[in-house]
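Below is one structure. I have some questions about it.
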Amino acid sequence: MGKLNNVSLCHSNIRGLTSDKLRAIKNSLCYKYDIITLSETFLSVSGTVNLELQGYHPVIRRDRETFGGGLAIYVKDNILFKHKVNFSSNNIENLWIEISTVQGKLFICNCYRPPSNDVFWECLSDNVEHVKSESRVQNMVLLVDFNADLSPANGNKLLEFCLTYNLQPIALLIKPSFLTITS
């Protein structure tokens, strides 16, 4: 498929990607979504779970070296995309892909904020600025498990982040959140 008119996206905090959860994804999400992003996969390089989803490219992963965390992105096999390894940050858990749409390039980021990460907001901001300057693309979708509600500390940082980037929250009160950055 060349350029896409519509792309359906889904994000879930999976809290450990197991065979049973993968079966649930196959039965409930694969028929509805072109791109599925997962956080807290808890996968390791030595894992034995078959991560293939029929009709999707091989999974893109970012595993944590310690227990917990981890990210995955599934993209339907009829969508051409590029895994943008050079845009992943060393300071936060994130994965970036680029797809072509009728409106132009779209960058999609899957990101996870552990509750104890105090430098996350600054690192995410730096990462978004890096991607914007290197790619010269303004259209981005961030699918993020912020581990933040609108209560004081992290809620204020979340709202400040949204204001700084003129974000349009789609599901701000439901974790994970979907945010789009447009020019």
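Label points 7 Å out from Cα along the Cβ direction at LEU9 and LEU163: separation in nm?
2.4 nm
Could you tell me which of the pairs LYS26/LYS82; LYS32/LYS82; LYS21/LYS157; LYS82/LYS132 are separated by over 25 angstrom between their Cα atoms in the structure shown?
The answer is LYS21/LYS157.
Let me spell out the model: positive unit charges on the Cβ of Lys and Arg, negative unit charges on the Cβ of Asp and Glu, origin at the Cα centre of region 93-148. What dipole size does that give, in debye rounded to 20?
280 debye
Looking at the calculated P(r) for region 89-153, what percent of the C-alpha pair distances fall above 13 Å?
Value for region 89-153 (Cα pairs over 13 Å): 65 percent.
I need to check one value: relative contact order of the chain, counting alpha carbon pairs closer than 8 Å and at least 6 residues apart, in percent.
17 percent
Could you run the Karplus curve 6.51 cos²θ - 1.76 cosθ + 1.60 with θ = phi - 60° over region 62-78 and give me ³J(HN,Hα) per residue in whole Hz, x for Gly and Pro?
Working through the residues one at a time gives 9, 8, 8, 6, 10, 5, x, x, x, 10, 8, 10, 10, 10, 3, 6, 8 Hz.
Let me ask another. Just how large is the dipole of region 1-154 about the Cα centre, in debye to the nearest 20, putting +1 at every Lys and Arg Cβ and -1 at every Asp and Glu Cβ?
560 debye
Carbon and sulfur atoms: what percent of the 1.4 Å accessible area of the chain do they account for?
50 percent
Additional query: How much length, in nm to one decimal, is gained on full extension between GLN103 and GLN54, taken as 0.36 nm per residue of separation minus their Cα-Cα distance?
Net length gain for the segment: 14.8 nm.
With every protein chain present, what is the per residue accessible area of the chain (1.4 Å probe, Å²)?
52 Å²
Could I ask something else about it? Taking θ as phi - 60°, what are the ³J(HN,Hα) couplings along region 103-112 by the Karplus curve (6.51, -1.76, 1.60), each to the nearest whole Hz, with x for Gly and Pro?
Along region 103-112, the couplings run 7, x, 5, 10, 9, 10, 10, 9, 9, 9 Hz.
The values are calculated or read from the model by the stated rules, or taken from the named source; none is laboratory data. Predicted model, so just to flag it, every value in this text is computed and none were measured. FYI the Cβ positions are ideal-geometry reconstructions off the backbone, even for glycines, and counts take in every protein chain you see. The accessibility values were calculated without ligands, DNA or RNA, using every heavy atom of the protein model including side chains. Shrake-Rupley method; radii C 1.70, N 1.55, O 1.52, S 1.80 Å.
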